[in-house]
Amino acid sequence: MEILQIVAVGLTATVLIVVVKSQKPELAVLLGVAAGAILFLMVLGKISAVMNIVKDLAIRAGINMVYLGTILKIVGVAYIAEFGAQICRDAGEGAIATKIEFAAKIFILALAMPIVVAVLQVLLKLVP
Amino acid sequence: MDSNIDLIFKIAGVGMLVAVLHTILKHAGKEEQGQIVTLAGIAIVFIWVIQLLGNLFDQVRSVFKLF
C-alpha cells in the first residue's frame, strides 16, 4: 500500500524540518520543497494511469479530444500553482503565494477561453 | 523512487552539519567562516532541490501534456 509509504515519508520529512528549522530556517524551506516534490513524484504514476483510462473512455464515447486536453492542462496548471503557492505560504511569504495563485487563474482562464467561445457559438446556432 | 527518499535525509544531514559547524566556528571566533559554511551548505542543498524540481516538472509536463 503506497499510502503507508507516503505517510511515512511525510512524517519523517516533517520531523526533520522541525529539527532543522530551529537552527537553519532557510534549509527547512528547502527541505519542505524537496519533501513536497518527492511526495508528488510518488503519486504521479497513479495520476497518469487514471488519466489514460479517462482518455480511453473519452475516445470510446466520441468526445472531442480538444476538450479533454484542455481539462488535463487546466488540472496540471492548477496543481503546479498550488504546489508553489503552498510552499511560499509555508515559508511565510503570503504575498508571493497570492501572486502565484492570481497568475494561475489567468492562465486557466486563457486555457478555458476556446471552450467558452465554442459553447457560445453552439448557443447562437440554437437561437433562431 | 527510493533514491528520492534518501535526498530528504541528505538535506537534513547537511542542515545539521552546517548548524553544528556554524556554532563551532562561532565559538572559535571565526564567525565569517561560519557564515561561508552556511552559504556553501545552502548552495549544495539548493542544487539538489533544483534537480529534483526539474525532474518533477518534466514528469508533470509529460503526464498533463502541458507543453
0 to 90° range, to nearest 10: angle between helix A:94-126 axis and chain A longest Cα axis: 10
Ordering of B:5-13, A:114-122 by packing [mean C-beta count within 10 Å, highest first]: B:5-13, A:114-122
Cleavage-rule hits, trypsin sites (Lys or Arg not before Pro), segment B:19-67, DSSP coil, Cβ neighbours within 10 Å at most 15: B:K30, B:K65
For A:E26, B:E31, order by how many other beta-carbon atoms lie within 10 Å, fewest first: B:E31, A:E26
Rounded tilt (10° steps) of B:2-27 against the dominant C-alpha axis of chain B: 20
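Evaluate the relative contact order of chain A (contact order divided by residue number), counting alpha-carbon pairs under 8 angstrom at least 6 apart; express in whole percent.
Details: 59 pairs, mean separation 22.8, N = 128.
Here the relative contact order equals 18 percent.
I'd like the GluC sites (Glu not before Pro) in segment A:33-128 restricted to DSSP loop residues with at most 15 other Cβ atoms within 10 Å, sorted by number.
Details: sites: A:E82, A:E93, A:E101; in loops: A:E93.
Listed in order of number, the matching sites are A:E93.
Beyond a 31 Å Cα-Cα separation, which of these cross-linked pairs lie in this structure: A:K46/A:K125; A:K24/A:K105; A:K55/A:K99; A:K99/B:K30; A:K21/B:K65; A:K24/A:K99? Write out the running numbers ahead of the final one.
Working: A:K46/A:K125 41 Å; A:K24/A:K105 34 Å; A:K55/A:K99 33 Å; A:K99/B:K30 41 Å; A:K21/B:K65 36 Å; A:K24/A:K99 26 Å.
Going by Cα-Cα distance, A:K46/A:K125; A:K24/A:K105; A:K55/A:K99; A:K99/B:K30; A:K21/B:K65 fall outside the 31 Å limit.
Read-outs throughout are calculated quantities, based only on the coordinates presented, and are distinct from any laboratory measurement. All figures in this text were calculated on a predicted structure; none of them were measured in a lab. Cβ: placed from backbone, ideal geometry, glycine included. Neighbour counts: every protein chain shown.
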